[in-house]
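Below is one structure, written out as structure tokens; comments come after it.
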Amino acid sequence: MLLCLQRQGLERVVLCPGSRSAPLALAAGGLADQGVLWLTTAIDERSAAFYALGMAAASGHAAAVITTSGTAVANLLPAAVEADRSGLPLLLLTADRPQRLKNCGANQTVNQEDFLAPVCRLFSTGPLEGLHRLSPTQLDSLASEAWLQTLVQPGPVHLNLPFEEPLHPSREDQQRAWSGWDCVVPQQRQLRRPSASAADPPTDRLEWSRPGVVVAGPWRGLEADRPAYQQALRAVAESTGWPVLADQLAAIPADLPNLIRHWELLLPQFLPAAEAGLQVLRLGPLPASRRLESWLRSFGSGQLLITEGDPRCLDPLGLSRQCSSGLAAWWNAVSANARFAPFNCRELLSAWSEADAKVQGVLDQHLPAAGGVTEPALMKALPELLPQGLPLMLAASSPVRDWQTFAAADLGSRRCFSFRGASGIDGTLSLAIGLARVQGPTVLICGDLALQHDSNGWLLASESSPPLLVLLIDNAGGGIFAQLPIASIASSSFDQLFAMPQRLDPLALAAAHAVPARQLSRLEDLPSALEWGLAQQRTALLRMCTDRTADAGLRRQLRELAVAALQQSRGGTTEA
């Protein structure tokens, strides 16, 4: 099976321990010895699956996870859920008992074929009597179908493979098998979505002579289609003159015009309400902003949503017409005969740009890169200190929101990742290590609970140690809860019920896994600390302790200061 998948284009495999999966393990080891497959091992199936998902996000192609039977398969579910909601390819190969051992109390035998089915693009199985019943042609067909599915409609694919004993061939049998094998270096398939004519027809009910706004959400398309998407987005902005509100995960081009960076702080008072009659073009899922959702809801129905091939509804507001042919295909279809009037949007764009610059001035004044570490000041300082173009992963909690709000000046200058399909903190460290394994030096920004939740990811860092710098914001618990409208309760009760601080020394935990670590307490030390961390050329940890309560107040204060500055620039009035 693995040989068939390797011939299809599989390059990376994560192997978890087990006996029933021995035939797959031996095949993976043999292919790795031949230099045609990159193999790593992981003892925690949950961490392994997220690690594979991180590699898939960076490469654009599925990595495979191999597990034995039983509860090992259940541990794949969190990563499979994220792969499903994020539209990322993930190949799950699970060994199983043959049918004769099912439903009779046999050891380590469960209904694992049902565990992942609700979230998988494809579930397939070998013969229930055992995979040995398949001919080479049938094996190749099974592998081809699975690999093709990961390319055409990215998401999790589950191959459940029953194996009959004997499971452990002799050394002589293995040598005979490999001696007759010819090394095949596959040509990677670069498949694309069906064309607009083969999918749903392009929808164009926008009036190009009227002002509008583009809202670019997180990018969820095929990696091969990203350049065309960026070219089309640039063309939309240039042709229409419409302002662009982009999520930091939108994979926008660095030179995108009309970009309004601080829209999160401009909402809701300082961007036009529905009465302005703006048209709304939305790209992909919504950014993680309640203010933006409320603002878009005020415009009512008639919004146009373009997705990158995902036919599922991606509009929780229920206000859009959805076209899933992708931005590039849609733009090519509607722009040829369109008559644009970008000058009709100049006044609007100019006013928004001036307000955007005013907000940047407020942040420059009140968030100096000096003194004790606060989360807003840290986010503002990092873009200027990190090397140009260095990829960044943001944990799916406070970091991804704070980067959008306080590091907006960095928008478009580097590739940002955050696994917000299901918006959980599962697998944060393992995902980041997977990213760094494929794309090289990477920075992860995460909180203490997210890092502790995936502490088994440190085992992957110990084993392979890719160049990942972990910037740990340790605010003694779930800092995001201090920003939510939770009724005021006693501090001790808040910690117990929501923040849940843990008595764990992250520096000691890193040291136990042979991961170098440092701590800093002042922003003046950040440049030298980053230089140290990146110079390690392996996984390293940099810890910064913050006060979640004080930082929640600082975020509110900065928003109030921005509002006051914008009101003053408008003569003390705001738009409704």
Among residues of the range 285-306, those that are open to solvent by less than 40 Å² (accessible area, probe 1.4 Å) and free of Cβ contacts under 8 Å to residues at least 40 places away in the same chain, counted: 6
Residues being in a helix (DSSP H, G or I) and among the β-branched types (Val, Ile, Thr) - total across the range 124-173: 3
From GLY434, GLY477, residue being out of contact with any His (no Cβ under 8 Å at 6 or more places or on another chain), open to solvent by less than 10 Å² (accessible area, probe 1.4 Å) and part of a loop (DSSP other than H, G, I, E, B): GLY477
Residue within the range 48-56 that is surrounded by 22 or more Cβ atoms within 10 Å (Cβ to Cβ), within 14 Å of SER21 (Cβ to Cβ), touching a strand residue (DSSP E or B) at 6+ places or on another chain (Cβ under 6 Å) and not polar (S, T, N, Q) present: yes
Test: residue in the range 393-411 that is modelled with pLDDT of 95 or more, in a strand (DSSP E or B) and more than 26 Å from ARG556 (Cβ to Cβ): yes
Residue pairs meeting the criteria (Cβ under 8 Å; at least 6 apart or on separate chains; first on the phi > 0 side of the Ramachandran plot, in the range 416-443; second open to solvent by 20 Å² or more (accessible area, probe 1.4 Å) and among the small types (Gly, Ala, Ser)): SER423/ALA288
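Among the strands (runs of 3 or more DSSP E) confined wholly to the range 279-380, which include 3 or more residues that are modelled with pLDDT under 95 and farther than 30 Å from ASP448 by Cα?
Because the criterion is at least 3 residues that are modelled with pLDDT under 95 and farther than 30 Å from ASP448 by Cα, the strands (runs of 3 or more DSSP E) in the range 279-380 that meet it are 320-323.
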Filtered residues of the range 170-225 (kept if small (Gly, Ala, Ser), open to solvent by 60 Å² or more (accessible area, probe 1.4 Å), at pLDDT 55 or above and touching a helix residue (DSSP H, G or I) at 6+ places or on another chain (Cβ under 7 Å)): SER209
Residues located in the range 531-558, provided they are under 19 Å from PRO368 (Cβ atoms) and touching a Pro at 6+ places or on another chain (Cβ under 9 Å): ASP551, LEU554, ARG555, LEU558
Answer from LEU39, LEU3, LEU91 - the residue that is part of a strand (DSSP E or B) and open to solvent by 30 Å² or more (accessible area, probe 1.4 Å): LEU39
Single condition ASP495 does not satisfy, out of (1) open to solvent by 70 Å² or more (accessible area, probe 1.4 Å); (2) acidic (Asp, Glu); (3) at pLDDT below 90: (1)
Test: residue in the range 389-396 that is farther than 16 Å from LEU468 by Cα and crowded, with 16+ Cβ neighbours inside 10 Å: yes
Count of residues meeting criterion [within 17 Å of LYS380 (Cα to Cα) and open to solvent by less than 20 Å² (accessible area, probe 1.4 Å)] in the range 547-576: 4
Options ALA95, ALA74, ALA106, ALA80; residue that is within 15 Å of PHE419 (Cα to Cα) and small (Gly, Ala, Ser): ALA80
Residue under evaluation SER141, criteria (1) closer than 30 Å to SER325 by Cβ; (2) surrounded by fewer than 17 Cβ atoms within 10 Å (Cβ to Cβ); (3) among the hydroxyl-bearing types (Ser, Thr, Tyr); (4) touching a residue at least 24 places away in the same chain (Cβ under 8 Å), criterion not met: (4)
Residue match in the range 213-225 (condition: of a type in the set (Lys, Arg) and outside any loop (DSSP other than H, G, I, E, B)): no
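The values are calculated or read from the model by the stated rules, or taken from the named source; none is laboratory data. All of these numbers come straight from a predicted model, not from anything done at the bench. Note: ideal-geometry Cβ built from the backbone for every residue, glycine included; neighbour counts use all protein chains shown. The accessibility values were calculated without ligands, DNA or RNA, using every heavy atom of the protein model including side chains. Shrake-Rupley method; radii C 1.70, N 1.55, O 1.52, S 1.80 Å.
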